[in-house]
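Undergrad: Here's a structure for you.
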Amino acid sequence: MQDNSYYYEPAQGHGLAHDPFNSIVGPRPIGWISSRSSDGILNLAPYSFFNAFNYIPPIIGFASIGHKDSLSNIEQTGEFVWNLATLPLAEAMNQSCAAVAPEVDEFALAGLTALPSRQIDVPRVGESPVSFECRKTQIIQLQSAAGDALNTWLVLGEVIGVHIDRRLLVDGVYQTAAAEPILRGGGPADYFRVETGALFRMHRPG
């Protein structure tokens with residue numbers, strides 16, 4: 001078989017118009033994270049390096065490239081909320097990633113409602129159809145294969161409370177596409193959405 005692959009070593013650069021790494025590992029769920037500082041200042045920010053990592057207990061995580069406000073707040077309080085970013089909320093989500101001073105409330109900036117959570121002292125996005133209340137389990141500073149510390153921190157949290165819009169539950173089954181989640185692509189402005197027509201099923205063998 002002929003090898004027709006484009007090869008590069010990341011440490012030497014990719015040599016392309018845009019780094020393909022984020023496009024290949026994608027589209028990715030968005031970690032739309034709300035948090036509160038120990039001084040009570042609210043923060044809301046999207047993170048494209050996000051996913052679920054465990055079933056029981058449910059654990060989710062996101063990576064903060066740079067020591068950003070969300071990370072600082074979670075270090076201080078140990079609490080955060082993940083809010084589902086959807087197509088109707090895309091513009092508001094994008095607005096919440098603006099580079100603003102720590103004292104700026106991104107809920108107000110994006111015109112969103114801060115609804116109280118049940119278990120923690122961090123509000124959720126009222127307009128989002130799904131939210132996870134979380135308590136921090138670990139914060140891990142990433143390192144290279146050579147052992148060098150990186151300016152990136154993986155924040156992991158246990159989901160201790162789940163809010164789901166009832167319209168997304170049909171006969172007790174959550175309808176993924178009906179929520180219209182948006183996913184981050186790899187280009188400078190690329191996003192994708194989940195649609196019912198894209199669904200296919202495969203059952204595990206055996």
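Undergrad: What do you reckon, is Glu79 surrounded by 16 or more Cβ atoms within 10 Å (Cβ to Cβ) and either more than 25 Å from Val194 (Cα to Cα) or at pLDDT below 95 (or both)?
TA: Yes, satisfied.
Undergrad: Let me ask you something else. Considering only residues that are out of contact with any Ser or Thr (no Cβ under 6 Å at 6 or more places or on another chain), among the charged types (D, E, K, R) and either at pLDDT below 95 or under 15 Å from Ala85 (Cβ atoms) (or both), which ones fall in the stretch 168-204?
TA: Asp190, Arg193, Glu195, Arg201, Arg204
Undergrad: Could you list, in sequence order, all residues of the stretch 121-167 that are of a type in the set (Gly, Ala, Ser), outside any strand (DSSP E or B) and either at pLDDT below 95 or surrounded by 12 or more Cβ atoms within 10 Å (Cβ to Cβ) (or both)?
TA: Matches in the stretch 121-167: Gly126, Ser128.
Undergrad: Test Asp19 against the criterion of being outside any helix (DSSP H, G or I), free of Cβ contacts under 8 Å to residues at least 40 places away in the same chain and among the acidic types (Asp, Glu), and give yes or no.
TA: no
Undergrad: State whether one or more residues within the stretch 74-97 are farther than 26 Å from His163 by Cα, touching a strand residue (DSSP E or B) at 6+ places or on another chain (Cβ under 8 Å) and not β-branched (Val, Ile, Thr).
TA: No, the stretch 74-97 contains no residue that is farther than 26 Å from His163 by Cα, touching a strand residue (DSSP E or B) at 6+ places or on another chain (Cβ under 8 Å) and not β-branched (Val, Ile, Thr).
The values are calculated or read from the model by the stated rules, or taken from the named source; none is laboratory data. Treat the numbers as computed from the prediction; the structure is a model and nothing was measured. Every residue, glycine among them, receives a Cβ derived from its backbone with ideal geometry; neighbour counts consider all protein chains shown.
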